[in-house]
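First up is the structure itself, then whatever we jot down about it.
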Amino acid sequence: MKQIFTFYDSRHDNYCSYCGNRPDTRDHVPSKILLDKPFPENLPVVPCCLECNNKFSVDEEYVSCIFECIIKNICEIKNIKNIRIRNIFERKITLYKKVKELFSNNDIQQILYQEKERINNVLVKLSKGHYKYEFGEPMFNSPDIINTNILKYMKDDDLNKYFSFIKENIFPEIWSRSFINFYQKELFWWIEVQENVYLYLVYRDGDKSIVKIIIMDYFAFEIIWIN
């Protein structure tokens with residue numbers, strides 16, 4: 001990722017990026033469980049409290065296992081090529097049995113719907129982290145809309161809309177990453193955390209704050225706050 005030195009109001013760092021409590025630690029956004037080794041340099045890091053860090057880790061691990069199985073269309077331990085996912089399954093047999101049962105009885109859309117709460121929990125965490133990292137200020141409210149799509153099933157019009165670039169019409173936090181990018185480019189673009197693995201875009205459009213996330217060139221998520 002591009003290294004940008006920011007000078008936004010440091011008082012924003014006195015709050016957990018997810019809940020607003022006093023931060024005890026810092027958190028990678030996205031979590032490394034959603035990336036491939038070797039990990040890229042300059043991974044986004046935001047302040048957070050230990051409670052949020054621990055709470056989200058459980059869901060991120062579970063959701064990453066589901067995503068891997070969906071994308072590769074494989075659920076048997078012996079056939080899992082992602083070493084970290086395979087290790088999770090081997091260490092946590094109960095989790096593996098739950099995922100295997102999930103895939104035995106449901107198609108992809110049913111799986112995404114059935115596990116919507118845990119998937120959305122991870123998406124809210126990721127989007128709040130990206131918002132804080134790019135805009136410098138935290139977003140404590142829950143999003144109003146969470147859209148989940150699979151790229152290969154999206155129609156051309158929907159793809160064009162999803163990937164369109166939007167000019168910022170609300171000035172970003174002074175000297176945040178968004179401010180610096182805005183000043184240099186006058187538009188916002190996709191940020192590649194890891195090629196073909198994880199992309200995100202953060203912008204404001206009128207009364208909306210929007211985070212878009214693409215995982216493994218397969219899932220296309222859109223998280224929206226309406227102000």
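The values are calculated or read from the model by the stated rules, or taken from the named source; none is laboratory data. Nothing here was measured: the structure is a model prediction, and the numbers come from that model. Because the Cβ atoms are built from the backbone with ideal geometry, glycine has one as well, and the counts that use them run over all protein chains shown. Side chains included, ligands, DNA and RNA excluded: accessible areas come from the protein's heavy atoms. Shrake-Rupley method; radii C 1.70, N 1.55, O 1.52, S 1.80 Å.
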With a bin width of 5 angstrom, please list the P(r) values of segment 66-173 as percents of all Cα-Cα pairs, from the 0 bin to the one holding the largest distance.
2, 9, 15, 16, 18, 14, 12, 8, 4, 2, 0
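Largest first, how would His130, His28 line up by accessible area (1.4 Å probe)? The partial results should precede the final answer.
Numbers: His130 0, His28 65 Å².
Ranked list, largest accessible area first: His28, His130.
Summing Lys, Arg as +1 and Asp, Glu as -1, what charge do residues with Cβ under 13 Å from the Cβ of Ile119 carry, Ile119 excluded?
-2
Suppose all protein chains stay in the model; what accessible area per residue would a 1.4 Å probe give for segment 86-137, in Å²?
Details: 2640 Å² over 52 residues.
Result: 51 Å² of accessible area for each residue.
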Report Thr148's accessible area, 1.4 Å probe, all protein chains in place, as a number in Å² to the nearest 10.
60
Judged on accessible area alone, 1.4 Å probe, highest first, Cys19, Cys49 line up as Cys19, Cys49
Ordering Ser57, Ser127 by how much accessible area each has at a 1.4 Å probe, largest first, what is the list?
Ser57, Ser127
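Which loop-located GluC sites (Glu not before Pro) does segment 56-98 contain, where loop means any DSSP state but H, G, I, E or B and the Cβ has at most 12 other Cβ atoms within 10 Å? Mind dumping the intermediate values first?
Working: sites: Glu60, Glu61, Glu68, Glu76, Glu90; in loops: Glu76.
Qualifying residues, ordered by number: Glu76.
I need the trypsin sites (Lys or Arg not before Pro) found in segment 74-166, filtered to DSSP loop residues with at most 11 other beta carbons within 10 Å of theirs.
On the way: sites: Lys78, Lys81, Arg84, Arg86, Arg91, Lys92, Lys97, Lys98, Lys100, Lys116, Arg118, Lys125, Lys128, Lys132, Lys152, Lys155, Lys161; in loops: Lys81, Lys92, Lys155.
Filter output for segment 74-166: Lys81, Lys155.
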Whose amide H sits under 5 Å from the amide H of Asp27, counting only residues 5 or more places off or on another chain, with H placed in the peptide plane?
Val46, Cys48
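Tally up the carbon and sulfur contribution to the accessible surface of segment 42-167 as a whole percent, 1.4 Å probe, everything protein left in place.
Details: 3260 of 6850 Å².
Within segment 42-167, the accessible surface is 48 percent carbon and sulfur.
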